[in-house]
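What follows is one structure encoded as structure tokens, with my remarks underneath.
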Amino acid sequence: MSNKFIWTKKDLLGLEYLSAEEINHILYTAASFKEVTTRQIKKVPVLRGKTVVNLFYEPSTRTRTSFELAAKRLSADVINIAVESSSVRKGETLIDTGRNIEALKIDIIVVRHSASGAPNILARSVRSSVVNAGDGWHEHPTQALLDIFTLKEKLGRIEGLKVSIIGDIAHSRVARSNIWGFIKLGAKVTVCAPEKLIPVGIEQTGVHVTNDINEALEDADAINVLRMQFERDSKLAFPSALEYFKQYGITSDRIKKCKKNIVVMHPGPINRGVEMSSEVADGANSVILEQVTNGIAVRMAVLYLVALAKKPTSSLPAKVENM
Ligand code: CP
């Protein structure tokens, strides 16, 4: 990937809609911005005068905070809308909310919503850029981008790696975005879960499917362990959290039987003692906090690219270096 690539998409709605070249360009741009985040003054003026609105209809710690930090490090103004105390409570629709926010002359709406496809609807209704921060069971594209970025940083490549995604695949937007991203970049992806937590037809995406945790761990270069989503329907698919942990939980004993340098990822928040033990979460193979750190650079890249989508972005790395 070179700095001659021209980004043309005003929105980031999912990795399903991106080519491998576009995904690689986001990663390339993020690597440039990662250097900015290590400086004493972690700020560049590339989005000065732009305004980013965080519109989160669901709770978030990592994603909302890192979008806010990413925007501020690009010198954009940021507004966080607390949906619970907004006119959404009076019945205002997503489209009306989006159009009214847009009337305030903003540039980017970062939206998280419980309905799959909500960001797509919003993007068709406003001229501003829309970035999907997680929609229902559909996609969480910036999470997958930071997962891919972190793994590439650790192992130097994605193509040919064996990546196992373990946990509640059925209710996971992270799983869907990971599958699109890793498959497009040439990884061999296995998904592993109890039968009822595997979506029908998932093998059509090109993944290998197993219910056997040992098969998923054998030869894996990396695992991405997903949260059991007790607020959705994960619990209906397994008798108890303890039984899930015994059969699918990632423990030190299981990690000892894996490749020595297996990379352990988790999007957070973790249910310690359900999908993963604390020993593994905090252990030598875990890159969970590095994923969080990398989320800022990846989201800086996404905000930068969508904000300047109509213009060639050919000079980004050189410009960043000189700021
Ligand atoms: N991984 C993730 O989306 O975390 P948050 O829900 O805290 O944003």
Estimated 222 nm signal from helices in the chain, with DSSP H stretches of n ≥ 4 weighted -39500 (n - 2.57), rounded to 500: -11000 deg cm²/dmol
Semi-axes (Å, rounded, descending) of the ellipsoid equivalent to region 141-290 per its C-alpha gyration tensor are 21, 18, 14
Just subtract the alpha-carbon distance of residue 116 and residue 247 from 0.36 nm times their residue separation and send over the number in nm, one decimal. 44.2 nm
So how long is each side of region 150-194 along the principal axes, counting just the alpha-carbon atoms, biggest first, in Å? 31, 16, 16
Under a Gaussian network model of the chain whose springs join Cα atoms within less than 10 Å, the largest fluctuation of 154, 72, 162 belongs to 154
By how many nm would the segment from residue 28 to residue 87 grow when fully extended, if each residue of separation counts as 0.36 nm and the alpha-carbon distance is taken off? 17.3 nm
If I model a spin label as a point 7 Å beyond the Cα along the Cα-Cβ vector, how far apart are those points for residue 155 and residue 75 in nm? 3.9 nm
Of all chymotrypsin sites (Phe, Trp or Tyr not before Pro) in region 224-293, the ones in DSSP coil with at most 14 other Cβ atoms within 10 Å are 230
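Can you tell me the FRET efficiency between residue 259 and residue 8 if r is taken as the Cβ-Cβ distance and R0 is 41 Å, rounded to the nearest 0.05?
Efficiency, rounded to the nearest 0.05: 0.55.
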Over the chain - Rg/Rh using Cα atoms and the Kirkwood inverse-distance radius: 0.97
Going by how many other Cβ atoms sit within 10 Å of their own, how do 208, 140 line up, fewest first? 208, 140
Could you list 276, 228 so that the one with the fewest beta carbons within 10 Å of its beta carbon is first and the one with the most is last? 228, 276
Pairs over 32 Å Cα to Cα, from 43/260; 10/43; 42/154; 188/246, come to 43/260
When the dipole is taken about the Cα centre of the chain, and only Lys, Arg (+1) and Asp, Glu (-1) are charged at their Cβ, what size is it in debye, to the nearest 20? 1180 debye
Quote the charge dipole size of region 172-238 about the Cα centre in Debye, to the nearest 20; the model charges only the Cβ of Lys and Arg (+1) and of Asp and Glu (-1). 420 debye
Choice from 163, 46, 110 with maximal GNM fluctuation in the chain (Cα, 10 Å cutoff): 46
Anyone know which of 132, 261, 178 comes out most mobile in the 10 Å Cα GNM of the chain? 261
By how many nm would the segment from residue 61 to residue 284 grow when fully extended, if each residue of separation counts as 0.36 nm and the alpha-carbon distance is taken off? 77.9 nm
For the chain, with +1 on Lys and Arg beta carbons and -1 on Asp and Glu, the positive-most of 104, 258, 114 along the dipole: 104
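Where a number appears in this text, it was derived from the coordinates with a stated rule and is not lab data. For clarity, every value in this text was computed on a predicted model and none was experimentally measured. Cβ coordinates were reconstructed from backbone atoms using ideal geometry, including for glycine residues, and neighbour counts include every protein chain displayed.
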